[in-house]
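Trainee: Just dropping this structure here.
The values are calculated or read from the model by the stated rules, or taken from the named source; none is laboratory data. None of the values given here were measured: they were computed from a predicted structure. Using ideal geometry, Cβ is built from the backbone for each residue, glycine included, and neighbour counts are taken over all protein chains shown.
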Amino acid sequence: MDGIVGPQTWGALIVTVQRGSTGYAVRGVQEEFQFRNLSGDPSKGLQVDGIFGPKTEEAVRGFQQAIHADVSSVVVDGIVGPMTWQALVSGMLSL
């Protein structure tokens, strides 16, 4: 342990989530999409419930499709793996 957040630390922190996943990592994904809800009405955004269902997958695929031209390493598969996480937390497509 060296106190530096490097590849090993990120590898331990980044959890791949997909349809059927539940928990805090899924909530984190949903909160990122809720934050980007441009309508200003939380009831119209993605529900933050920690359950990766069809609506979460649809939102993930839409995000992946929107950034794929600029970030070719992001695959449009509805799965939030390391590259999609990086794009989400870096603020791509933010307000």
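Trainee: Tell me the residue from 26, 5 that is modelled with pLDDT of 90 or more and of a type in the set (A, V, I, L, M), please.
Mentor: Working: 5 fails: modelled with pLDDT of 90 or more.
Exactly one of 26, 5 is modelled with pLDDT of 90 or more and of a type in the set (A, V, I, L, M), namely 26.
Trainee: Filter the stretch 29-48 down to the residues that are under 19 Å from residue 14 (Cα atoms) and not β-branched (Val, Ile, Thr) and list them by number.
Mentor: Correct list: 30, 31, 32, 33.
Trainee: Only residues in the stretch 22-42 that are more than 17 Å from residue 89 (Cβ to Cβ) count as the first member; pair them with residues that are modelled with pLDDT of 85 or more and part of a loop (DSSP other than H, G, I, E, B), Cβ under 7 angstrom, at least 6 apart or cross-chain, and list the lot.
Mentor: The qualifying pairs are 22/50; 22/52; 23/50.
Trainee: Based on what the data block shows, is residue 48 assigned to a helix (DSSP H, G or I), of a type in the set (Val, Ile, Thr) and modelled with pLDDT of 75 or more? Give the steps one after another, and end with the answer.
Mentor: Working: assigned to a helix (DSSP H, G or I): no; of a type in the set (Val, Ile, Thr): yes; modelled with pLDDT of 75 or more: yes.
Judged against the criteria, residue 48 is not a match.
Trainee: Would you check which residues across the stretch 51-71 are over 12 Å from the mean Cα position of the chain (by Cα), modelled with pLDDT of 90 or more and either within 16 Å of residue 14 (Cβ to Cβ) or part of a loop (DSSP other than H, G, I, E, B) (or both) and list them?
Mentor: Once the filter is applied, which keeps residues that are over 12 Å from the mean Cα position of the chain (by Cα), modelled with pLDDT of 90 or more and either within 16 Å of residue 14 (Cβ to Cβ) or part of a loop (DSSP other than H, G, I, E, B) (or both), the stretch 51-71 yields only 53.
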